[in-house]
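First comes the structure, then the notes that go with it.
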Amino acid sequence: MNFIEAASDHYNYWIAVIVMMIGLYGVIAKRNIVKQAISLGLFQTGIFLLYISMAVVFTPDGKMGEAPVKHSERLAADVLSVAGPVYDNPLPHVLMLTAIVVSVSILAVALAIIVNIKRCYGTVEEDEILDIEAQGLLDGPDTKSNREKAGALV
Amino acid sequence: MIDSIPALMVVLPLMAGVITVFTGKGDKPWAWATAITGIVFAMSIALLAEVTAHGPVTYNFGNWPSQYGIAYTIDAMNGFVLFVVSLIAAVTTYYSRLSVKDEIPNDRLHIFYALWLLTICGLLGITITGDTFNVYVLLEISSLTLYALIAMGYRRDRRALTASLRYVILGSVGASFLLLGIGYLMMITGTLNMVDMHDRLQVLIHNDEYSRTIMVAYAFLLVGLSLKLALFPLHMWLPNAYTYAPSAVTGLVAATATKVAVYMTIRFLFGIFGRDFSFGAVESSDVLLTCAGLGVLYTGIQAARQNNVKSVLAWSSLGQIGYIVIGFSLNNENGLTGSVVHILNHALIKGGMFLALGCVAYRLGGTRLTHLKGLGRKMPWTMAAFTAGGLGLIGFPLTGGFIGKWYIGLGALDAGNWLILVVIMLGSLLAVIYVFRVVYAIYFGEAEPDSVHATEAPASMVVCTWILIGMSLVCGLWSEWSVDLAANAAKAMLAGFGGAH
Amino acid sequence: MKNMEDQVVLRVFSKIMIPFIIIFGFYVITHGELGPGGGFQGGVILASAFILYGLVFGKDQLAEAAPPRVVEGLAAFGVLLYSGVGAWCLLAGGNFLDYSYIIPPAEGAVIPHLDGGAEIWGMILVEYGVGITVCTVMITVYNMITEEAEA
Amino acid sequence: MLNLLVIDGVLLFLVTITALAVIEMRNLFAVTMLTGVYSLLMAAVWTNMHAVDVAFTEAAVGAGISTILILGTLVHVGVKERRREKSLNLSALLIVTLTGGALIYGTLDMPAFGDPEAPVQTHRFQKLFDQNVGKVPVTDTHHVEAVAHGAEQHGGEQHGAHEDEFHGHVYNTVTSLLADYRSFDTMFETAVILSAGLSMIMLLRRRSDEEIEAATQRTERVDPDTIKTERMDPKTTQTVRVDSPPGSDSSGADKKLAAEIAEAVDSAEQIQHDAPEETDKGDQV
């Protein structure tokens, strides 16, 4: 299989992989935790793209399939037993609806934790957080005086 | 009603968790959660008995055929894990009353217990389900609620927040890898049902079709699951998360979350891909053994260097996960039996020890080594439980921890892998060091001014601790029943999916 | 947020828009069987009406229109409605979430309601469960993320 | 087909560029806006691929709720990302390249994009789409043998399954799958949303109503946690725990205690500062 053929067959998957990897790079490389949470969202969206690409179908004469919403023609075709239009597969769509919901839930929880980190550490930069932790100043409970001390360090 | 037990196992904690939001203040949420987890535990026993007596059980949701809808399939393997999870859930929930009141703002107890029950629902669901995408959704339920529960440790130590955030990031990446793997498999098999996927995959593997896609799917599933079960190089999220979580949460998580991930790994490797592929076509055995073996040694050393006792136990958990992974990577019956029985014993031991530390935290507000000094005289029962658990961690004969290691060792002998035996020995030696370092402080240390006024923890907490530790001792002394169950499970897994072949 | 209360155009325009957004939200939930949409999308649209109200008129006004306790209770109620439908089917004799048992079957029928009427009822109820939860959780999320920085 | 593919290609190109910009921009406010743009572009891609429900959801969630969420967070954490790291993190790039390479390697064997003969389009798809799967009689669901492997042996159908007359009653097959065939998944999806909401309440609600009331009555606020979880003086810890649940009392004693505790914590921190080897060596990544 030569490269051109592979690329024309799978370019959609490849772009999905590229988008995923941009997100993953952000998760690993970025030191700002808000940015990490957003990058995580990009990563997951890439996966959604992969799944949705899976559902697409072309007819033999080169047309794109139709959205998996049955029209009355389809029903008529069933009754008359003529070949109706070709439809995309709805199953990946369903799965991705669920996954989108999950991803926004993760974003919400991550941001809730980040807001608390900002309160307690006074910063949202990972290396500064690590500095503060390395100094052992956070070994205490979450109190106002402790919070102010952490904030003063930044 | 007995027919509906598979569904109720998961649906009951879900509905009960949601109802908890309405239960109001005080002890009511706790009482409600305790009742529910008790019922779930009873149901898990009934289910395990049914599965042991009559073979696998299938439950189709909405009465759709399992290949089209979602089905639960319970065999000897996940029946056993369900039993472990619901046992730990029941005990830790009963234990949690005072500890949680102490560590969580009291106006949010109902929300805490709602999340708690949803976590349990997720963990049970992952174990019981027969649908790969359902695994992902339930994994996210249990993880999401755990993120929040762990983060709530920030009232006592603010590092809980960063620990929790790291868990969010790595846990989500792991789950996403899982989703990717499932996507690749779905693309070439066209199905999500585990049994169906297994059948289709075997045909594909046999015909050598889509081999690269299957390989990559396998790799991503394995990496994702390894992240979730905290296999050695991917363990970074675990120690701090366990250390800074509220005591009761640590007890629940440490005993169940990674065990469920281990179960999923076994299910994917043996059940879906089949052992011929997992340990034949791809040489995952060597990779897994190397990671787990190095992990056992590295985490043992780390555990011996920690000053917070919770952190010692967290690192030791990683080592014990290493043993479990070694067991099933040996790909023979003894090894797998050892893994499965160690899932039970380690859950009991580690759960019990974390609960004991919860008692200490309740009395002293912390679990650093200095807190525990000289506590042997002040809190005799709690510390006795801790010590007994510690012996189990070492794998002292006649304790529960010994049985698993024994069978894993037998498996290593069967596989002719002497190096693994050496690793197990060295790991136990390290365990001796880190356990006795703490035990020495408990019985021979001079009490710090902090702990002069400490007294024995409340009876309800000590009793729960002792239930788990006592069960682990019982499993060590009378090991037949647990080993029989585990051997059944191992046979079922080695035979392919659900033992139906 | 304070400044927004002086913006007459915003206030008047959003007051006009909000009822339409709410109607559209319900339309999307109910119409999910026929076209794109469903409980989740409709729920988000419904929530956006409340969030718009909160943005323009302030959090206190929003708390008056949608008291946080009620909102949180409804969030739990949505999931209960969903799982309750499932449990109802279970009690009626089917498996969990077998909608054909929503309307109790005739005596001795092996599989009831094959015409799909009961299925439609089940799906609509379930979609409303999703919609209620999504809408109220989104409002809660908005409430919580805009909680004062320092208490 | 060609024009659709061209639109697809252009949109995907834009998506990739936007994703890069999201990662590289340093002003978090701009990043938030770009995330919204990214979501809308994604929604367009999915509309183009006929995933209308998904596109609808992505537009509502990605461009709507997520944006509000991130903006709300930015109010708390500020909009500037500090420049500490190098512009390119090589080890991260290596990991990403390897992972991406593996994924692309895996796609090489896949069915081509849009292949109607792909397993996902042929295996079990038609019955789901036509909504004539047929239910298993309830008496058969618990039978122990034969279900697991009955499928292939019984001509792809579980034995005893009845032909369904539910045929075509729901036009939107996505809904029928979501709310009926896989409704059990959707139930947990709803539960995920609920747990996210509950987690937010758990983590972000500052005080209960009563506490806020009590707090406004005091001249100077004393954090109830200070009293409850301080660790230098166990005697006070216990008496406070027994006698006064947090937030219920307000007196001079509170303030005095808090001052003492602050001092004690100070000294403790001083000690730890002087002797860093005493501090916890939790793994820090």
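The values are calculated or read from the model by the stated rules, or taken from the named source; none is laboratory data. Just so you know, these numbers come straight off a predicted model, no measurement behind them. In this analysis, Cβ positions are derived from the backbone assuming ideal geometry, glycine residues included, and neighbour counts consider all displayed protein chains.
Please go through segment B:141-156 and give me each residue that is in contact (Cβ under 8 Å) with a residue 24 or more places away in the chain and facing chain D (nearest Cβ under 9 Å), ordered by number. B:THR145, B:TYR147, B:ALA148, B:LEU149, B:MET152, B:TYR154, B:ARG155, B:ARG156, listed by residue number.
Quick grid of which residues meet (1) touching a residue at least 24 places away in the same chain (Cβ under 8 Å); (2) assigned to a helix (DSSP H, G or I):
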residue: C:LEU10; (1), (2): yes, yes
residue: C:ILE18; (1), (2): yes, yes
residue: C:ILE22; (1), (2): yes, yes
residue: C:VAL28; (1), (2): no, yes
residue: C:PRO36; (1), (2): no, no
residue: C:GLY42; (1), (2): yes, yes
residue: C:ILE45; (1), (2): yes, yes
residue: C:LEU62; (1), (2): yes, yes
residue: C:ARG69; (1), (2): no, yes
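The conditions of being assigned to a helix (DSSP H, G or I) and within 13 Å of chain D (Cβ to nearest Cβ) are met by B:ALA304.
Show me the helices (runs of 4 or more DSSP H) entirely contained within segment D:58-132 in which 2 or more residues are more than 7 Å from every other protein chain (Cβ to nearest Cβ) and under 26 Å from D:ALA44 (Cα atoms).
Where helices (runs of 4 or more DSSP H) fall fully within segment D:58-132 and carry at least 2 residues being more than 7 Å from every other protein chain (Cβ to nearest Cβ) and under 26 Å from D:ALA44 (Cα atoms), they are D:66-77.
For A:ILE52, the requirement of being at the interface with chain D (Cβ under 7 Å from one of its Cβ atoms), within 25 Å of B:THR213 (Cα to Cα), surrounded by fewer than 24 Cβ atoms within 10 Å (Cβ to Cβ) and not hydroxyl-bearing (Ser, Thr, Tyr) is not met.
Among residues that are surrounded by fewer than 24 Cβ atoms within 10 Å (Cβ to Cβ) and among the polar types (S, T, N, Q), B:ASN307 is included. Filtering B:ILE39, B:ILE70 for residues that are farther than 19 Å from B:ASP484 by Cβ and in contact (Cβ under 8 Å) with a residue 40 or more places away in the chain leaves a single hit, B:ILE70. Applying the set (1) buried (at least 21 other Cβ atoms within 10 Å of the Cβ); (2) over 20 Å from B:GLY293 (Cα atoms); (3) hydrophobic (A, V, I, L, M, F, W, C) to B:TRP381 leaves exactly one unmet item: (1).
Assessment of segment B:118-140 against the conditions (within 15 Å of A:ALA110 (Cα to Cα) and at the interface with chain D (Cβ under 8 Å from one of its Cβ atoms)) yields at least one matching residue. The single condition among (1) within 7 Å of another protein chain (Cβ to nearest Cβ); (2) out of contact with any strand residue (DSSP E or B) (no Cβ under 7 Å at 6 or more places or on another chain); (3) touching a residue at least 40 places away in the same chain (Cβ under 8 Å) that D:ILE7 does not satisfy is (1).
Can you name the residue in segment A:25-34 that is buried (at least 24 other Cβ atoms within 10 Å of the Cβ) and free of Cβ contacts under 8 Å to residues at least 40 places away in the same chain and, of all such residues, is farthest from the other protein chains (Cβ to nearest Cβ)?
Step by step, filter segment A:25-34, then rank; the result is A:VAL27.
Candidates in segment B:1-20 are the residues that are β-branched (Val, Ile, Thr) and under 16 Å from B:PHE41 (Cα atoms); of these, the one that is surrounded by the fewest Cβ atoms within 10 Å (Cβ to Cβ) is B:ILE2.
Quick one: count up the residues across segment B:454-469 that are over 28 Å from the mean Cα position of the chain (by Cα) and surrounded by fewer than 18 Cβ atoms within 10 Å (Cβ to Cβ).
The first filter runs over segment B:454-469 and keeps only residues over 28 Å from the mean Cα position of the chain (by Cα), leaving B:454-456.
From the residues that got through so far, the ones that are surrounded by fewer than 18 Cβ atoms within 10 Å (Cβ to Cβ) too are B:455-456.
Total satisfying the criteria: 2.
Filtered by the rule that a residue be hydrophobic (A, V, I, L, M, F, W, C) and in a loop (DSSP other than H, G, I, E, B), segment B:61-89 gives B:TRP64, B:ILE70. Among the conditions (1) over 24 Å from the mean Cα position of the chain (by Cα); (2) closer than 25 Å to D:THR186 by Cβ; (3) more than 8 Å from chain D (Cβ to nearest Cβ), the only one that B:VAL11 does not satisfy is (1). Criterion first (facing chain D (nearest Cβ under 7 Å), under 12 Å from C:ASN143 (Cβ atoms) and within 10 Å of the chain's Cα centre (by Cα)) does C:ALA47 satisfy it? Answer is no for this residue. Residues that are more than 11 Å from chain D (Cβ to nearest Cβ) and closer than 13 Å to C:TYR142 by Cα: does segment C:13-26 have at least one? Checking segment C:13-26: not a single residue is more than 11 Å from chain D (Cβ to nearest Cβ) and closer than 13 Å to C:TYR142 by Cα. Could you check, for segment B:442-453, whether at least one of its residues is part of a helix (DSSP H, G or I) and under 26 Å from the mean Cα position of the chain (by Cα)? For segment B:442-453, residues part of a helix (DSSP H, G or I) and under 26 Å from the mean Cα position of the chain (by Cα): absent. Taken residue by residue, segment D:58-76 has at least one member that is surrounded by fewer than 16 Cβ atoms within 10 Å (Cβ to Cβ), without any contact (Cβ under 8 Å) to a residue 40 or more places away in the chain and in the same structural domain as D:ILE23 (by TED's automatic domain parsing).
Here the condition is being modelled with pLDDT under 90, buried (at least 23 other Cβ atoms within 10 Å of the Cβ), in a helix (DSSP H, G or I) and touching a helix residue (DSSP H, G or I) at 6+ places or on another chain (Cβ under 7 Å); of B:GLY401, B:GLY411, it holds for B:GLY401 alone. Would it be correct to say that D:PHE56 is closer than 26 Å to A:ALA29 by Cβ and touching a helix residue (DSSP H, G or I) at 6+ places or on another chain (Cβ under 9 Å)? Criteria not met by D:PHE56. Restricting attention to segment B:101-152, the residues that are over 20 Å from the mean Cα position of the chain (by Cα) and assigned to a helix (DSSP H, G or I) add up to 13. Going residue by residue through segment C:76-92, is there one that turns out to be of a type in the set (Ser, Thr, Tyr), in contact with a Leu (Cβ under 7 Å, 6 or more places away or on another chain) and buried (at least 21 other Cβ atoms within 10 Å of the Cβ)? Yes, some residue in segment C:76-92 is of a type in the set (Ser, Thr, Tyr), in contact with a Leu (Cβ under 7 Å, 6 or more places away or on another chain) and buried (at least 21 other Cβ atoms within 10 Å of the Cβ). When the residues of segment A:88-123 are filtered to those that are more than 7 Å from chain D (Cβ to nearest Cβ) and among the hydrophobic types (A, V, I, L, M, F, W, C), which remaining residue is nearest to B:LEU192 (Cα to Cα)? Applying the filter and picking the extreme gives A:LEU95.
This table checks each residue for (1) farther than 27 Å from B:THR92 by Cα; (2) touching an Asp or Glu at 6+ places or on another chain (Cβ under 6 Å); (3) modelled with pLDDT under 90.
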residue	(1), (2), (3)
B:ILE424	yes, no, no
B:PHE436	no, no, no
B:GLU448	yes, no, yes
B:MET493	yes, no, yes
